Amino acid sequence: MVWAVIPAAGRGTRFGGEVPKQYLEAAGRPLIAHALDALLSHPRVDGAVVALSADDARWPGWTTLHGKPVLRCVGGGERADSVLAALHALPAQVGDDTLVLVHDAARPNLASADLDRLIAAAEHGDGAILGAPVRDTLKRADDGQRIASTEPRAVLWRAFTPQAFRRGALTAALERARADGVVVTDEAMAMERTGAKPALVEGREDNLKVTTPADLALADYLLRQR
């Protein structure tokens with residue numbers, strides 16, 4: 001059994017505008033619709049829980065997609081709060097050993113082949129995340145936005161989603177981070193704090209997260225080519 005969790009309670013303030021980022025349209029549909037489609041069309045994924053803000057009036061009210069259940073819950077102010085809320089909202093039959101995929105609502109171009117490899121890697125060890133090695137030269141800036149140094153990139157990766165972990169282990173890791181007052185920026189960071197070493201699975205570079213208008217235009221183009 002594999003379930004998906006989508007934290008979608010954010011306002012998308014970095015993008016700007018009145019419409020929360022997950023509801024912006026690309027290829028004629030909201031970004032969150034593409035994200036859910038990518039997950040629920042996969043044969044290994046059994047259902048999804050979406051964490052929404054309490055006053056979300058834009059949620060279309062989906063209860064099933066691709067013949068699989070779509071549940072909703074109220075998320076929180078931080079990503080980790082929304083993921084925790086969704087983990088607690090999973091159905092009773094989803095045990096602590098169930099693999100859970102946490103995916104960004106604004107990451108609409110997930111490839112099925114990447115999901116295949118992610119799930120296979122996450123079924124062993126401490127879970128896994130999709131990502132890609134850093135290929136650009138990295139510069140460290142000083143306080144005046146001048147180059148202070150060139151940083152080695154050989155062991156650096158960019159983290160994508162989905163990130164896949166066992167429900168029980170991820171729940172415990174997020175609760176521990178909250179208790180310690182640490183705001184984690186992704187699920188892998190919470191797991192790392194417990195000593196876990198999740199696997200890195202190289203995914204497609206076009207699994208982009210929409211954070212700017214230029215990203216939205218690129219996502220629209222990519223989705224129309226599929």
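Considering each residue of segment 136-148, count those that are part of a strand (DSSP E or B) and either at positive phi or surrounded by fewer than 10 Cβ atoms within 10 Å (Cβ to Cβ) (or both), and give that number. Walk me through it before giving the result.
Let us first name the residues in segment 136-148 that are part of a strand (DSSP E or B), namely 138-141, 147-148.
Add one more test, that the residue is either at positive phi or surrounded by fewer than 10 Cβ atoms within 10 Å (Cβ to Cβ) (or both), and what stays is 140, 147.
The qualifying residues number 2.
Just to be sure, is LEU110 in contact with a Gly (Cβ under 9 Å, 6 or more places away or on another chain) and either open to solvent by less than 10 Å² (accessible area, probe 1.4 Å) or farther than 25 Å from ASP206 by Cβ (or both)? Please lay out each step first, then the result.
Numbers: in contact with a Gly (Cβ under 9 Å, 6 or more places away or on another chain): yes; either open to solvent by less than 10 Å² (accessible area, probe 1.4 Å) or farther than 25 Å from ASP206 by Cβ (or both): yes.
Answer is yes for this residue.
What number of residues within segment 12-32 are exposed (fewer than 14 other Cβ atoms within 10 Å of the Cβ) and either modelled with pLDDT under 90 or of a type in the set (A, V, I, L, M, F, W, C) (or both)?
The total comes to 5.
Checking the structure you have, find out if any residue of segment 150-157 is surrounded by 12 or more Cβ atoms within 10 Å (Cβ to Cβ), touching a Ser or Thr at 6+ places or on another chain (Cβ under 9 Å) and assigned to a loop (DSSP other than H, G, I, E, B).
Yes, segment 150-157 has at least one match.
Here are some conditions: (1) small (Gly, Ala, Ser); (2) within 25 Å of GLY203 (Cα to Cα); (3) touching a Gly at 6+ places or on another chain (Cβ under 9 Å). ALA122 meets all but one. Which one does it not meet?
Every listed condition holds for ALA122 apart from (3).
Specify the residue that is most open to solvent (accessible area, probe 1.4 Å); the eligible residues are those in segment 188-226 that are assigned to a helix (DSSP H, G or I) and within 28 Å of HIS124 (Cβ to Cβ). Before the answer, list the steps.
Let us first name the residues in segment 188-226 that are assigned to a helix (DSSP H, G or I), namely 188-193, 213-225.
Keeping just the survivors that are within 28 Å of HIS124 (Cβ to Cβ) gives 188-193.
Details: ALA188: 4, MET189: 61, ALA190: 0, MET191: 12, GLU192: 106, ARG193: 77 Å².
Step by step, filter segment 188-226, then rank; the result is GLU192.
Is it true that THR185 is open to solvent by 50 Å² or more (accessible area, probe 1.4 Å) and either touching a residue at least 24 places away in the same chain (Cβ under 8 Å) or within 15 Å of the chain's Cα centre (by Cα) (or both)? Spell out how you get there, then give the answer.
Numbers: open to solvent by 50 Å² or more (accessible area, probe 1.4 Å): yes; either touching a residue at least 24 places away in the same chain (Cβ under 8 Å) or within 15 Å of the chain's Cα centre (by Cα) (or both): yes.
The answer is yes for THR185.
Only residues in segment 104-127 that are under 29 Å from ALA27 (Cβ atoms) and of a type outside the set (A, V, I, L, M) count as the first member; pair them with residues that are open to solvent by 20 Å² or more (accessible area, probe 1.4 Å) and in a loop (DSSP other than H, G, I, E, B), Cβ under 6 angstrom, at least 6 apart or cross-chain, and list the lot.
These pairs meet every condition: ASP104/LYS209; ARG107/LYS209; ASN109/ASP206; ASP114/ARG204.
Quick grid of which residues meet (1) in contact with a strand residue (DSSP E or B) (Cβ under 8 Å, 6 or more places away or on another chain); (2) of a type in the set (A, V, I, L, M, F, W, C):
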residue: ALA122; (1), (2): yes, yes
residue: ASP126; (1), (2): yes, no
residue: ILE129; (1), (2): yes, yes
residue: ALA132; (1), (2): yes, yes
residue: ARG158; (1), (2): yes, no
residue: PHE165; (1), (2): yes, yes
residue: ALA169; (1), (2): no, yes
residue: LEU174; (1), (2): no, yes
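Tell me, which residue of segment 33-73 that is within 21 Å of ASN109 (Cα to Cα) and among the polar types (S, T, N, Q) is surrounded by the fewest Cβ atoms within 10 Å (Cβ to Cβ)?
Only one residue tops the list, namely THR64.
The values are calculated or read from the model by the stated rules, or taken from the named source; none is laboratory data. All of these numbers come straight from a predicted model, not from anything done at the bench. Using ideal geometry, Cβ is built from the backbone for each residue, glycine included, and neighbour counts are taken over all protein chains shown. Side chains are part of the model used for accessible areas, which takes the heavy atoms of the whole protein and leaves out ligands, DNA and RNA. Shrake-Rupley method; radii C 1.70, N 1.55, O 1.52, S 1.80 Å.
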